[in-house]
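Undergrad: Structure below; questions to follow.
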Ligand SMILES: [Zn+2]
């Protein structure tokens with residue numbers, strides 16, 4: 001059963017976090033397609049206030065590059081800063 005069905009589509013309490021994927025051969029910055037898709041997500045009808053996009057890339061089968069960006073209906077996309 002999907003989360004939204006289990007939680008009664010109470011989007012104010014349980015909502016979508018985001019997406020992740022890899023860019024195996026290019027930068028981990030969001031592509032224009034990524035920006036458009038994430039912007040559509042946070043400005044859509046499911047009341048998603050913000051969403052996170054994580055992009056990773058494995059270089060030379062050894063080093064992991066990763067970036068995270070926050071998309072919000074209230075501001076332009078920006079790099080995510082994770083704090084404890
Ligand atoms: Zn991408």
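We did not get these values from a lab; they are worked out from the coordinates using the rules stated. Just so it is clear, the structure is predicted and the values come from calculations on it, not from any experiment. Please note: Cβ atoms are built from the backbone with ideal geometry, for glycine as well, and neighbour counts cover all protein chains shown.
Undergrad: With contacts defined as alpha carbon pairs under 8 Å and 6 or more residues apart, what's the relative contact order of the chain in percent? Mind dumping the intermediate values first?
TA: Details: 120 pairs, mean separation 22.2, N = 84.
Computed over the chain, the figure is 26 percent.
Undergrad: What translational diffusion coefficient, in µm²/s and rounded to a whole number, does the Stokes-Einstein relation yield for the chain at 37 °C and a viscosity of 0.692 mPa s, taking the hydrodynamic radius as the Kirkwood radius over Cα pairs? Walk me through the numbers before you get to the answer.
TA: On the way: Rh = 14.1 Å.
After rounding, the answer is 233 µm²/s.
Undergrad: Once you keep just the Cα pairs under 8 angstrom separated by 6 or more residues, what percentage relative contact order results for region 9-58?
TA: Working: 51 pairs, mean separation 28.7, N = 50.
It rounds to 57 percent for region 9-58.
Undergrad: Once both labels are modelled 7 Å past Cα along the beta-carbon direction, what's the residue 36-residue 76 spacing in nm?
TA: 1.9 nm
Undergrad: Using the alpha-carbon atoms, what tilt in degrees (0 to 90, nearest 10) does helix 32-42 show relative to the longest principal axis of the chain?
TA: Once rounded, one gets 20 degrees.
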